[in-house]
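*Asks:* Got a structure for you, written out below as structure tokens; questions coming shortly.
The values are calculated or read from the model by the stated rules, or taken from the named source; none is laboratory data. Predicted model, so just to flag it, every value in this text is computed and none were measured. Using ideal geometry, Cβ is built from the backbone for each residue, glycine included, and neighbour counts are taken over all protein chains shown.
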Amino acid sequence: MAISQDAHTVKQFDVQLANLRNLVLEMGGLVEEQIKRAIQALDDEDITAAREVISRDQIINGLQVKADEDCVSIIALRQPLGSDLRLIMSLSKIVTDLERIGDEAEKIARMTVKIYEGIGSPPSAKLLRDVVPMAKLAQDMLHGCLDALARLDVEKAVEVAQGDDELDQEFQSALRRLITYMMEDPRTIGHAINVIFIVKALERIGDHSKNIAEYIIYLVKGKDVRHVSMDVLVQDALKEE
Amino acid sequence: MSTTALETKVALDQALNLDTAPRKQSSVEVTDYNNRQTVGKITVDNPKMVCRGVNVYYGEKRAIKNVGLDIGANEVIAFIGPSGCGKSTFLRCLNRMNDTIPICRVTGQIQLDADDIYDKDVDVVQLRARVGMVFQKPNPFPKSIYENVAYGPRIHGMVNNKAELDDLVRESLERAGLIKEVEKRMNEPGTSLSGGQQQRLCIARAIAVNPEVILMDEPCSALDPIATAKIEELIDELRENYTIIIVTHSMQQAARVSQRTAYFHLGDLIEVGDTDQIFTNPRHKLTEDYITGRFG
């Protein structure tokens, strides 16, 4: 049984659930903004902007704590069942992944500071060539799953989950290229390692987004699609009951 | 004057039932009248009771509509649903308690160990010894604690002498988790106990005649949380030896004590399934709306 859209007899319950969902979506919006600004700061070589990203991570951490408190309070007061129970469990898990994505954005900002703070020469453009396209993929995935959450759209969630493979492949090629540069010119090793951390962070954002997409499928369909093959995931998610 | 659609439908159902569910039918199969079908699997591998095409009428009103359901041996099954959905009515069919209501009429088939319990040769007193019942409000007899438990075994001639009876009373009270609280006051009236103790006394009384199935009609609704917890613990222990069918308004209770759950709505059995599935991922919208509190 999919999500019931009818109102609860206890109207306050509806209000609490709506507030919690809005809080999670607001947190998602902030996390998206953090990635965007972190990548922008890297592109602009702007240390000040990168430091702002680092300090803003505290706001996201605060929202995570607030969302978890709300989940606990709803469980204690309402003993949710059925789709309400799945909603609470999924949101609570989604919040954890969003917070981690926030941490990855912060990590990118820290690397930016590290790269451009020193007196040495900045990295050459070819070292950074994979960052922007990978960031685009990661941002699309995160945006897609927030969209799917807002509209409880399983098809969109499946699309996001399927997108993770492409990002993983991009990460592998980026890694190969960076290793080649380091072998060709050992002086690039310092910067290249920092760039590896950045592309790794982007790859992790894809993983967390895929997790969120899986929670959305569980929330809507009641099927746990973690740790299954992509074929099974697609089948479970799109099967009509 | 033309007959209404509803009257036609009821008449049709009656005709169908009379034709397709004769009393002495030995092998039964799932039937689906009027395209109304229960969601989930109504059959189990080792059924203790088998119900097919059960209808209950109070006068003209049809309170249970073509319900088919298996009750598995040694399982706890919970019946849930809003007030007036027929869950208690259906429960009372299972040991023919509805016989006591003059305007009540039951059609269809209910078997206990493959024997039709509505067969005219069935001794209703014997049936109720095999299928015991515990009610919503504790209702001990106005007799001593000892006599409350001893009454059933004595009238059923289950014991030969006083010593055997004493043992049986003690054993029943022990299984009901009450012995420690009452062993020093066996001769005090049953009504002198607290509500929770009285309910456990009623359970002891029910199990003293060694039933196979115990029907419980909201056994905890008049009890405090601690007494409720003791009864729930007891239900879990009794499951080893008995089949238990419990009607409850508390979904948390249904979720805690039962392995299967059946959801009734306006006389229809809407959905039946494993308790975990019913409370986390029900398949029918009515079930979902009821358990999440969206009803009406």
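*Asks:* In segment B:78-93, what residues are within 21 Å of B:ASN241 (Cβ to Cβ) and surrounded by fewer than 24 Cβ atoms within 10 Å (Cβ to Cβ)?
*Replies:* Listed by number, the list holds a single entry, B:LEU91.
*Asks:* Report, ordered by the first and then the second residue, all pairs with beta carbons closer than 7 Å, sequence separation of six or more or different chains, a first member in segment B:272-296 that is free of Cβ contacts under 8 Å to residues at least 60 places away in the same chain and in a helix (DSSP H, G or I), and a second member that is polar (S, T, N, Q) and surrounded by fewer than 19 Cβ atoms within 10 Å (Cβ to Cβ).
*Replies:* Correct list of pairs: B:LYS285/A:SER4; B:GLU288/A:SER4; B:ASP289/A:SER4.
*Asks:* Of the residues that sit in segment B:146-179 and are aliphatic (A, V, I, L, M) and surrounded by fewer than 22 Cβ atoms within 10 Å (Cβ to Cβ), which one is nearest to B:VAL247 (Cα to Cα)? Before you say what the answer is, go through the steps one by one.
*Replies:* So the first thing to find is which residues in segment B:146-179 are aliphatic (A, V, I, L, M), and the list is B:149-150, B:155, B:158-159, B:163, B:165, B:168-169, B:173, B:176, B:178-179.
Within this subset, residues satisfying the condition of being surrounded by fewer than 22 Cβ atoms within 10 Å (Cβ to Cβ) are B:155, B:158-159, B:163, B:165, B:168, B:179.
Working: B:ILE155: 28, B:MET158: 29, B:VAL159: 32, B:ALA163: 36, B:LEU165: 31, B:LEU168: 28, B:ILE179: 26 Å.
If we take residues in segment B:146-179 being aliphatic (A, V, I, L, M) and surrounded by fewer than 22 Cβ atoms within 10 Å (Cβ to Cβ), then B:ILE179 is nearest to B:VAL247 (Cα to Cα).
*Asks:* Let me ask you something else. Given the condition more than 30 Å from B:GLU171 (Cα to Cα) and either surrounded by fewer than 20 Cβ atoms within 10 Å (Cβ to Cβ) or not β-branched (Val, Ile, Thr) (or both), answer yes or no: does some residue in segment B:123-145 qualify?
*Replies:* Step one: filter segment B:123-145 for residues more than 30 Å from B:GLU171 (Cα to Cα), giving none.
Looking for residues that are more than 30 Å from B:GLU171 (Cα to Cα) and either surrounded by fewer than 20 Cβ atoms within 10 Å (Cβ to Cβ) or not β-branched (Val, Ile, Thr) (or both), one finds none in segment B:123-145, hence no.
*Asks:* Among the helices (runs of 4 or more DSSP H) confined wholly to segment B:136-231, which include 2 or more residues that are among the β-branched types (Val, Ile, Thr)? Give the derivation first.
*Replies:* Values: elements: B:145-155, B:162-175, B:179-182, B:195-208.
Qualifying helices (runs of 4 or more DSSP H): B:145-155, B:179-182, B:195-208.
*Asks:* Another one. Which one is surrounded by the most Cβ atoms within 10 Å (Cβ to Cβ) among residues in segment B:232-260 that are within 14 Å of chain A (Cβ to nearest Cβ), in a helix (DSSP H, G or I) and not charged (D, E, K, R)?
*Replies:* Per the criteria, the residue is B:ALA254.
*Asks:* Another question, then. Could you tell me whether segment B:162-172 includes any residue that is at pLDDT below 95, under 22 Å from the mean Cα position of the chain (by Cα) and not hydroxyl-bearing (Ser, Thr, Tyr)?
*Replies:* Within segment B:162-172, none of the residues are at pLDDT below 95, under 22 Å from the mean Cα position of the chain (by Cα) and not hydroxyl-bearing (Ser, Thr, Tyr).
*Asks:* Does segment B:104-111 contain at least one residue that is surrounded by fewer than 22 Cβ atoms within 10 Å (Cβ to Cβ), part of a loop (DSSP other than H, G, I, E, B) and either at pLDDT 95 or above or in contact with a Gly (Cβ under 8 Å, 6 or more places away or on another chain) (or both)?
*Replies:* No.
*Asks:* Within the set of pairs 6 or more residues apart or between chains, which connect a residue that is more than 14 Å from every other protein chain (Cβ to nearest Cβ) and without any contact (Cβ under 8 Å) to a residue 40 or more places away in the chain inside segment A:5-33 to a residue that is part of a loop (DSSP other than H, G, I, E, B) and hydroxyl-bearing (Ser, Thr, Tyr) with Cβ atoms less than 8 Å apart?
*Replies:* Once the first residue is more than 14 Å from every other protein chain (Cβ to nearest Cβ) and without any contact (Cβ under 8 Å) to a residue 40 or more places away in the chain and sits in segment A:5-33, no partner that is part of a loop (DSSP other than H, G, I, E, B) and hydroxyl-bearing (Ser, Thr, Tyr) comes close enough.
*Asks:* Testing A:ALA109 on (1) touching a residue at least 40 places away in the same chain (Cβ under 8 Å); (2) of a type in the set (A, V, I, L, M); (3) within 20 Å of A:ASN22 (Cα to Cα), one condition comes back false. Which one is that?
*Replies:* Looking at each condition in turn, A:ALA109 falls short on (3).
*Asks:* Of all residues being over 13 Å from A:ASN19 (Cα atoms) and out of contact with any Gly (no Cβ under 9 Å at 6 or more places or on another chain) in segment A:60-81, which is surrounded by the fewest Cβ atoms within 10 Å (Cβ to Cβ)? Just the residue, please.
*Replies:* So, considering only residues that are over 13 Å from A:ASN19 (Cα atoms) and out of contact with any Gly (no Cβ under 9 Å at 6 or more places or on another chain), the one surrounded by the fewest Cβ atoms within 10 Å (Cβ to Cβ) is A:ALA76.
*Asks:* Between residues in segment A:204-231 that are crowded, with 18+ Cβ neighbours inside 10 Å and residues that are at pLDDT 95 or above and aromatic (Phe, Trp, Tyr), which pairs lie under 9 Å by C-beta distance while being six or more apart or on different chains?
*Replies:* Filtered contacts from segment A:204-231: A:GLY206/A:PHE171; A:VAL225/A:TYR218.
*Asks:* Just give me the residues in segment B:280-295 being surrounded by fewer than 24 Cβ atoms within 10 Å (Cβ to Cβ) and either within 9 Å of A:SER83 (Cα to Cα) or within 7 Å of another protein chain (Cβ to nearest Cβ) (or both), in sequence order. Walk me through how you get there before you give the answer.
*Replies:* Filtering segment B:280-295 for residues surrounded by fewer than 24 Cβ atoms within 10 Å (Cβ to Cβ) gives B:280-281, B:283-286, B:289, B:293-295.
B:THR280, B:ASN281, B:ARG283, B:HIS284, B:LYS285, B:ASP289, B:GLY293, B:ARG294, B:PHE295 - these are the residues of segment B:280-295 that are surrounded by fewer than 24 Cβ atoms within 10 Å (Cβ to Cβ) and either within 9 Å of A:SER83 (Cα to Cα) or within 7 Å of another protein chain (Cβ to nearest Cβ) (or both).
Per-residue answers, yes or no, for (1) among the aliphatic types (A, V, I, L, M); (2) out of contact with any Ser or Thr (no Cβ under 6 Å at 6 or more places or on another chain); (3) over 30 Å from A:ASP84 (Cα atoms):
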{"site": "A:THR9", "(1), (2), (3)": "no, yes, no"}
{"site": "A:LEU17", "(1), (2), (3)": "yes, yes, no"}
{"site": "A:LEU25", "(1), (2), (3)": "yes, yes, no"}
{"site": "A:LEU30", "(1), (2), (3)": "yes, yes, no"}
{"site": "A:ILE39", "(1), (2), (3)": "yes, yes, yes"}
{"site": "A:ALA50", "(1), (2), (3)": "yes, no, yes"}
{"site": "A:ILE59", "(1), (2), (3)": "yes, yes, no"}
{"site": "A:GLY62", "(1), (2), (3)": "no, yes, no"}
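*Asks:* Just checking, how many residues over segment B:261-271 are away from chain A (no Cβ under 14 Å) and either buried (at least 23 other Cβ atoms within 10 Å of the Cβ) or among the small types (Gly, Ala, Ser) (or both)?
*Replies:* Total satisfying the criteria: 4.
*Asks:* Would you point out which residue out of B:VAL247, B:VAL257, B:VAL182 is in contact with a helix residue (DSSP H, G or I) (Cβ under 9 Å, 6 or more places away or on another chain) and over 30 Å from A:LEU85 (Cα atoms)? Let's see the steps before the verdict.
*Replies:* Working: B:VAL247 fails: over 30 Å from A:LEU85 (Cα atoms); B:VAL257 fails: over 30 Å from A:LEU85 (Cα atoms).
Testing whether each residue is in contact with a helix residue (DSSP H, G or I) (Cβ under 9 Å, 6 or more places away or on another chain) and over 30 Å from A:LEU85 (Cα atoms) leaves just B:VAL182.
*Asks:* If you go through segment B:146-175, how many residues are among the basic types (Lys, Arg) and within 18 Å of B:GLU188 (Cα to Cα)?
*Replies:* Our first condition is that a residue be among the basic types (Lys, Arg); within segment B:146-175, this holds for B:154, B:162, B:170, B:175.
Narrowing the set further to residues that are within 18 Å of B:GLU188 (Cα to Cα) leaves B:170.
Counting residues in segment B:146-175 that are among the basic types (Lys, Arg) and within 18 Å of B:GLU188 (Cα to Cα) gives 1.
Results for (1) closer than 23 Å to A:SER124 by Cα; (2) modelled with pLDDT of 95 or more; (3) away from every other protein chain (no Cβ under 14 Å); (4) part of a helix (DSSP H, G or I), shown as yes or no for each residue.
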| site | (1), (2), (3), (4) |
| --- | --- |
| A:ALA157 | no, yes, yes, yes |
| A:ASP165 | no, yes, yes, yes |
| A:GLN172 | yes, yes, yes, yes |
| A:ILE179 | yes, yes, yes, yes |
| A:ARG187 | yes, no, yes, yes |
| A:LYS200 | yes, yes, yes, yes |
| A:ILE205 | no, yes, yes, yes |
| A:GLU241 | no, no, no, no |
